[in-house]
């Protein structure tokens, strides 16, 4: 997506409450990570598809997602690893 659309994208997606969380990875490239709560995956995918009709954006699969629609917690996914003790 265009960097100028980043704030709008975040505002619209956050308007759905706790459906997903958004983390900005690179604001210059407008790259974000959308973490979808497992119970809301189908709804979130539909909402993201609708948003992509309004805001030109595309999905870049996370390297650990193994081609899935959304990354699930797994030992290989660093985002879900507990901190070292």
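The values are calculated or read from the model by the stated rules, or taken from the named source; none is laboratory data. Keep in mind it's a predicted model, so treat the numbers as computed, not measured. Cβ coordinates were reconstructed from backbone atoms using ideal geometry, including for glycine residues, and neighbour counts include every protein chain displayed.
Per this entry, residue 60 is not counted among residues that are buried (at least 16 other Cβ atoms within 10 Å of the Cβ) and either under 22 Å from residue 11 (Cα atoms) or at pLDDT 50 or above (or both). Remark: residue 36 falls outside the filter, which requires a residue to be loosely packed, with under 12 Cβ neighbours inside 10 Å, under 11 Å from the mean Cα position of the chain (by Cα) and either at pLDDT 85 or above or at positive phi (or both).
Take residue 43 and decide whether it is modelled with pLDDT of 85 or more, surrounded by 13 or more Cβ atoms within 10 Å (Cβ to Cβ) and in a helix (DSSP H, G or I). Here the answer is yes, as residue 43 does meet what is asked.
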